[in-house]
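Below you'll find the structure, written out as structure tokens, and then a few comments.
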Amino acid sequence: MAIAYGHLVILMDLRRQNVIGPGLTKRVLDIGEQNWFGDVAPREIATLIDMFSGESAGAHHEELKALLAEPANTQRLFDIAAFFYRVIFGLEHYCAIDLGGTERALKLDLNLPVELDEQFDLVLNIGTGEHVFNQFQFFKTVHERTRPGGLMYHTMPHQGAYDHGFFNYQPTFIFDLAQANGYDLMLLVCVDSTLPPGQQHLQIRGREDYIRLAVEGRISKQVGLHAVLRKPPEERPFTAPFQGYYANVLPPELARAWSALDR
């Protein structure tokens, strides 16, 4: 559970598009407290400060300088990720749930209902959900802790990640979850860590995009899914999805293509 190059590319794009940022993502829930992975040097956050911090740039540069001077240990990695959140999200209130993590994380079992009396502008699941056995409760918690109109950002293993967690996920999971709950699927990307930087992100605009990539053999053995979803503006209970193929929501040509994929 760490912020890596693949996340940075997506989050920077979302910030440029004014999907996230000051006034939009003031309150953030991190389901799984993140640290800094290290495939991007922490000093590179200085570029983001120049791009996004505005009048706070001077103070942010000083804070980054102090962070980089600290001893290189695990706590520093968590602190760098937390600082990055303040820069990219315009963060004012942060909450994390993690049985590990630092002392600031709430020690709650995500297999069980989470008793929090607040909702958030953005709920992050960056590599946590696959480690939780009770998938229904996990995604119900994400739904319930996101305010109406708020955002959910899921990063999940798709192929590979051998013995990494309990689950890998397929794009149909995202499409069907969104349809069942009225989410606006703002972004779905396959991030292929076997490719060089700049070529890793393959955007999936619909089910047909993924089927085409699969038929063409372009889904590698090590790829993750990144999905950004917006909750509808009216509150509604969480609904478990049916798979699209079996719910007969796929058009006939797409159902035939899906049936022809390797199993």
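The values are calculated or read from the model by the stated rules, or taken from the named source; none is laboratory data. Remember, it's a predicted structure, so these values are computed and weren't measured experimentally. Note: ideal-geometry Cβ built from the backbone for every residue, glycine included; neighbour counts use all protein chains shown.
A search for C-beta distances below 9 Å between a residue of the range 1-28 that is under 22 Å from Phe78 (Cβ atoms) and any residue that is at pLDDT below 95 and hydroxyl-bearing (Ser, Thr, Tyr), counting only pairs 6+ apart in sequence or on different chains, returns Ala4/Ser193; Tyr5/Ser193; Gly6/Ser193.
Could you identify the single residue in Ile219, Ile174 that is closer than 21 Å to Val9 by Cα, modelled with pLDDT of 95 or more, among the hydrophobic types (A, V, I, L, M, F, W, C) and not in a strand (DSSP E or B)?
Values: Ile219 fails: modelled with pLDDT of 95 or more.
Going through Ile219, Ile174 in turn, the sole match is Ile174.
All conditions but one from (1) part of a helix (DSSP H, G or I); (2) in contact with a Lys or Arg (Cβ under 9 Å, 6 or more places away or on another chain) apply to Ile45; the one that does not is (2).
Listed here are the residues, each with its yes/no results for (1) assigned to a loop (DSSP other than H, G, I, E, B); (2) surrounded by fewer than 16 Cβ atoms within 10 Å (Cβ to Cβ); (3) on the phi > 0 side of the Ramachandran plot.
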position	(1), (2), (3)
Asp109	yes, yes, no
Leu116	yes, yes, no
Glu130	no, no, no
Phe139	no, no, no
Val142	no, no, no
Asp163	yes, yes, yes
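Looking only at the range 50-104, which residues are assigned to a loop (DSSP other than H, G, I, E, B) and either out of contact with any helix residue (DSSP H, G or I) (no Cβ under 6 Å at 6 or more places or on another chain) or among the charged types (D, E, K, R) (or both)? Step through it out loud before you land on a result.
Keep residues of the range 50-104 that are assigned to a loop (DSSP other than H, G, I, E, B), which gives 53, 70-73, 90-92, 98-104.
Across the range 50-104, the qualifying residues are Glu70, Pro71, Ala72, Asn73, Gly90, Glu92, Asp98, Leu99, Gly100, Gly101, Glu103, Arg104.
Per the conditions (1) part of a loop (DSSP other than H, G, I, E, B); (2) of a type in the set (A, V, I, L, M, F, W, C); (3) surrounded by 15 or more Cβ atoms within 10 Å (Cβ to Cβ), the sole criterion not satisfied by Leu122 is (1). Conditions first: (1) within 24 Å of Asn111 (Cβ to Cβ); (2) free of Cβ contacts under 8 Å to residues at least 60 places away in the same chain; (3) acidic (Asp, Glu). Asp209 passes all but one, so which condition is the exception? Only one criterion is unmet by Asp209, namely (1). Screening the range 241-263 for residues that are loosely packed, with under 15 Cβ neighbours inside 10 Å, of a type in the set (A, V, I, L, M, F, W, C) and part of a loop (DSSP other than H, G, I, E, B) and picking the one that is nearest to the chain's Cα centre (by Cα) gives Phe242.
Which residue out of Phe52, Phe37 is over 25 Å from Thr146 (Cα atoms) and aromatic (Phe, Trp, Tyr)? Quick ask: steps written out before the conclusion?
Numbers: Phe52 fails: over 25 Å from Thr146 (Cα atoms).
It is Phe37.
One line per residue, one yes/no per condition, for (1) closer than 22 Å to Leu14 by Cα; (2) among the aromatic types (Phe, Trp, Tyr); (3) part of a strand (DSSP E or B); (4) in contact with a Leu (Cβ under 8 Å, 6 or more places away or on another chain):
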position: Ala178; (1), (2), (3), (4): yes, no, no, yes
position: Leu185; (1), (2), (3), (4): yes, no, yes, yes
position: Thr194; (1), (2), (3), (4): no, no, no, no
position: Gln199; (1), (2), (3), (4): yes, no, no, no
position: Leu202; (1), (2), (3), (4): yes, no, yes, yes
position: Asp209; (1), (2), (3), (4): yes, no, no, no
position: Leu213; (1), (2), (3), (4): no, no, no, yes
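Tell me the residue from Asp176, Asp184, Asp192 that is surrounded by 17 or more Cβ atoms within 10 Å (Cβ to Cβ) and free of Cβ contacts under 8 Å to residues at least 60 places away in the same chain, please. If you could, list the steps in order and put the result at the bottom.
Working: Asp176 fails: free of Cβ contacts under 8 Å to residues at least 60 places away in the same chain; Asp184 fails: surrounded by 17 or more Cβ atoms within 10 Å (Cβ to Cβ).
The conditions single out Asp192.
None of Ala46, Ala105, Ala82 is over 24 Å from Phe138 (Cβ atoms) and out of contact with any Pro (no Cβ under 6 Å at 6 or more places or on another chain) except Ala46.
With respect to Leu29, determine if the residue is under 23 Å from Gly100 (Cβ atoms) and hydrophobic (A, V, I, L, M, F, W, C). Steps first, please.
Details: under 23 Å from Gly100 (Cβ atoms): yes; hydrophobic (A, V, I, L, M, F, W, C): yes.
Judged against the criteria, Leu29 is a match.
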